[in-house]
Amino acid sequence: MGSLRSRLTAAVMMPLLALAMTFGGITCWMIHTTVSTASDRALVGSVTIIGRAIDTRVSVRDQILPLAVHLLQSRATPVPHYSVHDGNRLVAGTPWLVPPDDYDPRPGAKMPHHAPAGFPSSYRNTRLVSGYVDARDAEGVIQPAYLRDAVLEGRPVRIATEIRVLQHSGRPVAIQVADFLDDRTAYEQTYFLRVVGAGILIVMIAVLLFYGAITWGLRPFASLTAQIEKARKLTSSHFRLALAGDAPKEAHLLVRAFNELMMRTERAVDSLSQFTANASHQLRTPLAIVRVHVDVLERYGPSSPQGAVALADIGAAVTALERLLSQLISLARMDEQEHAIDPLEAFDLTGVTSNLVATRVAQADTAKMDIGFEASGNPVMALGHAVLATEMIGNLLDNAIRYNRPEGAVTVRVLRRNGEPSIEIEDDGPGIAPDDREKVWERFYRAPTADAPPGSGLGLPIVKALGERMGARVTLAEGRDGRGVLAIVAFRRAESRSDTFSDTYHASIA
Ligand SMILES: Nc1ncnc2c1ncn2[C@@H]1O[C@H](COP(=O)(O)OP(=O)(O)OP(=O)(O)O)[C@@H](O)[C@H]1O
Ligand SMILES: [Mg+2]
């Protein structure tokens with residue numbers, strides 16, 4: 001896996017190494033060509049100078065030797081070997097550096113001509129005489145300096161040869177200077193080694209510099225890692241990452257995202273434990289009632305007056321338990337479905353609502369109530385989910401009935417508000433106190449009223465969650481003349497044909 005630091009160092013060093021190797025390769029090639037050209041030039045230059053120094057009037061040996069030695073010693077390239085043959089006789093230099101095979105030592109002999117060594121770039125603007133810059137160099141020259149490769153003493157050599165005719169004797173003189181090629185290679189190698197050494201040193205320094213720079217750059221992340229490691233040992237979920245102000249933007253973004261996530265997790269954990277505590281408390285109350293009344297039944301029997309009361313209370317407690325369980329199940333389903341329901345379907349809001357109202361009207365607890373239903377009589381198509389909408393409207397209708405006066409009125413309307421398919425449920429009960437209007441949306445919250453009917457405080461949170469899943473807006477307002485509650489649910493429009501039809505129809509009867 002490796003650390004981020006070593007990965008980054010490797011990522012930077014790989015291309016750098018490739019560059020260094022390319023650079024090294026190019027440098028070695030340049031050293032090779034430079035040494036070859038420089039050595040060849042030195043050979044040609046040496047024969048030319050030795051050749052010119054040969055004065056026909058003075059002894060060749062006396063003049064050549066000091067000059068040649070001085071010349072050859074002053075060279076920067078590998079020390080060459082030289083020889084001067086007057087006719088066939090070696091007059092100076094190394095005996096093994098023999099004249100070329102086509103050299104003819106006889107006076108006036110004709111010899112094959114070789115193309116003179118040329119280094120045109122140096123003499124681009126100069127007129128050459130027989131390949132020489134200075135016309136005096138060319139005097140008496142029958143073969144200007146040329147280069148050839150040979151094997152002498154079992155070693156490959158590079159030889160520059162010049163042939164002149166001595167004016168006093170008419171004899172040809174072969175002047176030769178040679179380099180052993182393996183000397184050249186050794187000479188090149190010393191340069192190669194220096195280049196490679198310098199390259200390795202530069203790469204090592206670069207590794208150190210990059211490693212330091214990367215360590216410095218990653219310092220904020222190292223600090224985050226250390227904080228997270230420390231936090232793993234904590235039991236509390238209350239933990240936030242902190243960064244120095246000069247840390248890079250990316251690190252701050254990461255920390256912000258992490259802290260937000262931690263905050264959300266903390267809230268989720270808190271609300272879950274709160275929910276569990278509330279739910280178990282709610283479940284415990286009716287269960288305690290059942291337990292007490294079962295004791296009463298055991299002691300007095302079911303046909304006693306106490307037994308009859310106990311049975312009725314057990315029935316009420318079981319009903320409350322049933323309702324609580326069904327609300328909890330609804331809520332759990334909502335929590336499971338975290339996002340909007342997809343796909344939403346078109347459903348008839350009038351049909352759903354009128355069925356609900358009809359069912360409720362038929363129940364005993366609404367016997368004395370005035371429950372009204374107002375609709376155009378035509379389908380009002382909404383986008384959502386019929387079963388979920390039924391649950392939503394059912395909860396609101398249930399509240400309007402249960403928190404109302406015993407002989408109060410409830411009006412349910414299906415209509416279009418600003419073109420949106422909506423329902424209104426209005427009651428004329430005591431309403432919700434201003435302080436409680438926000439709180440009633442919280443899970444398990446119940447307004448502290450003296451004679452409140454049994455309930456779990458989950459109805460409105462379920463309505464809210466259902467509204468969010470279907471993209472419907474739910475609002476609670478005051479009823480007419482400031483009495484009771486007016487609950488409004490505005491659903492999303494369903495762009496269906498029947499909806500268009502109903503719109504037109506509605507408009508025509510209006
Ligand atoms: N129409 C209303 N009139 C007066 N008070 C209301 C009305 N609707 C809701 N409330 C208040 O809001 C509180 C929360 O209502 P909600 O429907 O969430 O829970 P519940 O009715 O107590 O229990 P549940 O619906 O889960 O059985 C109620 O306890 C009640 O005090
Ligand atoms: Mg309710």
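The values are calculated or read from the model by the stated rules, or taken from the named source; none is laboratory data. Being a predicted model, the structure only gives us computed values, none of them experimental. In this analysis, Cβ positions are derived from the backbone assuming ideal geometry, glycine residues included, and neighbour counts consider all displayed protein chains. What goes into the accessible areas is simple: the full protein's heavy atoms, side chains included, and nothing from ligands, DNA or RNA. Shrake-Rupley method; radii C 1.70, N 1.55, O 1.52, S 1.80 Å.
Structure values in brief
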| quantity | calculated |
| --- | --- |
| Accessible-area value, residue 480, 1.4 Å probe, nucleic acids and ligands omitted, Å² | 150 Å² |
| Charge dipole magnitude, Cβ of K and R +1, D and E -1 - the chain, Cα centre, debye nearest 20 | 2240 debye |
| Theoretical FRET efficiency, 1/(1+(r/R0)^6), r = Cβ-Cβ of residue 49 and residue 252, R0 60 Å, to 0.05 | 0.20 |
| Length-normalised contact order of the chain in % [C-alpha pairs under 8 Å, at least 6 apart] | 10 percent |
| The stretch 328-365: GluC sites (Glu not before Pro) falling in loop per DSSP and having at most 10 other Cβ within 10 Å | 338 |
| From the C-alpha gyration tensor of the chain, square roots of 5λ in Å | 116, 29, 17 |
| Label-reachable residues, the stretch 250-284, where backbone N falls under 19 Å from a point 7 Å from residue 223's Cα toward its Cβ | 250-260 |
| 385, 85, ranked by accessible area, largest first (probe 1.4 Å) | 385, 85 |
| Accessible area of residue 3 in the full protein assembly, 1.4 Å probe (Å², nearest 10) | 60 Å² |
| Distance (nanometres) between label positions extended 7 Å along Cα→Cβ at residue 208 and residue 195 | 2.5 nm |
| Electrostatic dipole magnitude of the stretch 167-276 [Cβ: Lys, Arg +1; Asp, Glu -1; Cα centre; debye, to 20] | 480 debye |
| The stretch 16-48-the stretch 225-241 distance, computed between alpha-carbon centres (Å) | 62 Å |
| Dipole-positive endmost among 43, 167, 303 within the chain (Cβ charges, Cα centre) | 167 |
| Residue-averaged [θ]222 nm for the chain, counting only DSSP H segments that reach four residues, each worth -39500 (n - 2.57) | -17500 deg cm²/dmol |
| Anchor residue 464: lysines whose Cα lies under 26 Å away (excluding residues fewer than 8 positions away in-chain) | 439 |
| Backbone N within the stretch 396-415 under 20 Å of label point (7 Å from residue 376 Cα along the Cβ vector) | 412-415 |
| Sparse-neighbour loop sites [GluC sites (Glu not before Pro); the stretch 397-426; at most 11 other C-beta within 10 Å; DSSP] | 407 |
| Sequence-separation-based contact order of the stretch 148-290, relative, with Cα cut under 8 Å and 6+ spacing, percent | 12 percent |
| Restricting the stretch 148-247 to GluC sites (Glu not before Pro) in coil, as DSSP defines it, with at most 13 other Cβ within 10 Å | 153 |
| Computed FRET value (nearest 0.05) for residue 244 with residue 280, which takes r as the C-beta separation and R₀ as 56 Å | 0.80 |
| Under 18 Å from the Cα of residue 249 - aspartates and glutamates, other chains or at least 8 residues apart | 260 |
| Listed residue (245, 373, 81) projecting farthest to the positive dipole end of the chain, Cβ model | 81 |
| Assigned charges on the beta-carbon of Lys, Arg, Asp, Glu; the stretch 403-487 dipole about Cα centre (debye) | 340 debye |
| Kirkwood-based shape ratio for the stretch 209-275, expressed as Rg/Rh from alpha carbons | 1.11 |
| Largest-first ordering by accessible area, 1.4 Å probe, given options 215, 353 | 215, 353 |
| Estimated FRET transfer efficiency (residue 318, residue 483; beta-carbon r; R0 35 Å; 0.05) | 0.55 |
